[in-house]
Amino acid sequence: MISSVLPTYSRAPLSFVSGQGSWLIEADGRRFLDLGAGIAVNALGHAHPALVEALTVQAGTLWHTSNLYQIPQQQALADKLVDNSFADTVFFTNSGTESCELAVKMARKYFYDKGQPERVEIITFSGSFHGRSSAGIAAAGSEKMTTGFGPLLPGFVHLDFGDHEALQAAITEKTAGILVEPVQGEGGIRPLPDACLKGLRDLCDEHGILMMLDEVQCGVGRTGKLFAHEWAGVGADIMMVAKGIGGGFPLGAVLATEEAASGMTAGTHGSTYGGNPLGCAVGNAVIDIVADPAFLAEVNRKAGLLRQKLEGLIASHPDVFEEVRGSGLMLGIKCKAVNADVVKAGYDAEVITVPAADNVIRLLPALNISDDEIAEAVTRLDRAATSLGA
């Protein structure tokens, strides 16, 4: 008999009932150090007082009115994002998947309105993940994502990650844009080198196509900049954001330049819940904290500390681990042992990690994790690795 919850997840036998900062408390009372943060969602950990206050105050005032009316909290958050990014305008969604849908529509509508309706193709890369909607799985194109869900939405060109010659050859009179994650998350924590991101920007400018960034997982302070592409010193035309922007409350956004968004006029897109007062109240509180240069400097310092300790961990367990990679507090450990076994051993050691492709475990802690918690996390990972080695 099927479960009342559709069984599309292979869930761990854990039931968390509360959380505080970087800690999760299981129903049986065990305390787990959380290095997953809800898959890079809980940017400020669990029950952060500023987020609790923002949500509580807003919940007691006004929950929802719809986008038929002005929403002051939405306007305030849009202004903050524009002030802190390349963008001129923002559309709010509920998730990264919805952000992907709009990004695709925006790129195609831009060229339609420019009198180039044939420009519908979007170039994407192996190992990518852009959500699980029809557009998202078609964009990623992997067999694992698409099998059984055809016919797929057409208009995506899939290239091998890092194949520069193929990229040059793939751009035609049908190309609308290039969609890329500055750091692949589900694909195994694979950062795109700064030089490559700069090269993509130059290529888009040369051919008059749109640079589309997916920063759903790597954005909002995760790499030590507010947005990961800032390390390369380039701007985008369209960018997808979600996860950390709501700190745990469902919230996403598409940021765009005025030019790239020029086709999205009244009636071309909408969202019932996107940008409602509850979500934007929390989003404002998140951005107020994370966009602070002093906060981002601390993220970078803690990232260096964690990476240093992880290098020592890998050296101590060469039979279990191979290398550490990533950027900021978006780190991955490539494993020699089966990564699912490492994650499970972590559960036994009461530390949460997240599996990814390429036999990697992801470490995506709260951006405000403490130095002591970093030390304790590595101690618990050491315990997990020791149990596997034994």
Check: Is it the case that I374 is at pLDDT 95 or above, farther than 24 Å from S128 by Cβ and buried (at least 17 other Cβ atoms within 10 Å of the Cβ)?
Finding: yes
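Each row is one residue, and each column tells you yes or no for (1) assigned to a loop (DSSP other than H, G, I, E, B); (2) at pLDDT 95 or above; (3) touching an Asp or Glu at 6+ places or on another chain (Cβ under 6 Å).
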position: G19; (1), (2), (3): no, yes, no
position: L24; (1), (2), (3): no, yes, yes
position: L44; (1), (2), (3): yes, yes, no
position: T56; (1), (2), (3): no, yes, no
position: Q70; (1), (2), (3): yes, yes, no
position: Q74; (1), (2), (3): no, yes, no
position: L77; (1), (2), (3): no, yes, no
position: V90; (1), (2), (3): no, yes, no
Next item on the list: Please go through the stretch 116-141 and pick out each residue that is surrounded by 17 or more Cβ atoms within 10 Å (Cβ to Cβ) and basic (K, R).
Entry: R119
Notebook entry, point to check: Given the conditions (1) buried (at least 20 other Cβ atoms within 10 Å of the Cβ); (2) assigned to a helix (DSSP H, G or I); (3) not aliphatic (A, V, I, L, M), which single one is not true for K309?
Noted result: (1)
Checklist line | Verdict on K144 being among the basic types (K, R), surrounded by 15 or more Cβ atoms within 10 Å (Cβ to Cβ) and over 13 Å from the mean Cα position of the chain (by Cα) | finding: no
Next item on the list: Please go through the stretch 90-122 and pick out each residue that is under 23 Å from the mean Cα position of the chain (by Cα) and of a type in the set (V, I, T).
Entry: V90, T93, T97, V104, I122
Notebook entry, point to check: Applying the selection to the stretch 26-42, what residues are among the charged types (D, E, K, R), loosely packed, with under 15 Cβ neighbours inside 10 Å and out of contact with any Asp or Glu (no Cβ under 7 Å at 6 or more places or on another chain)?
Noted result: D28
Check: Has the stretch 208-223 got any residue that is among the acidic types (D, E) and either more than 23 Å from T146 (Cα to Cα) or more than 20 Å from the chain's Cα centre (by Cα) (or both)?
Finding: no
Check: In the stretch 336-365, what residues are assigned to a loop (DSSP other than H, G, I, E, B) and surrounded by fewer than 24 Cβ atoms within 10 Å (Cβ to Cβ)?
Finding: K336, A337, V338, A349, E350, A357, D358, N359
Next item on the list: Evaluate the stretch 191-211: report whether one residue or more is surrounded by fewer than 22 Cβ atoms within 10 Å (Cβ to Cβ) and in a strand (DSSP E or B).
Entry: yes
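The values are calculated or read from the model by the stated rules, or taken from the named source; none is laboratory data. Values in this document were obtained by computation on a predicted structure and should not be read as measured data. Ideal geometry is used to build each Cβ from the backbone, glycine not excepted, and the neighbour counts take in all protein chains shown.
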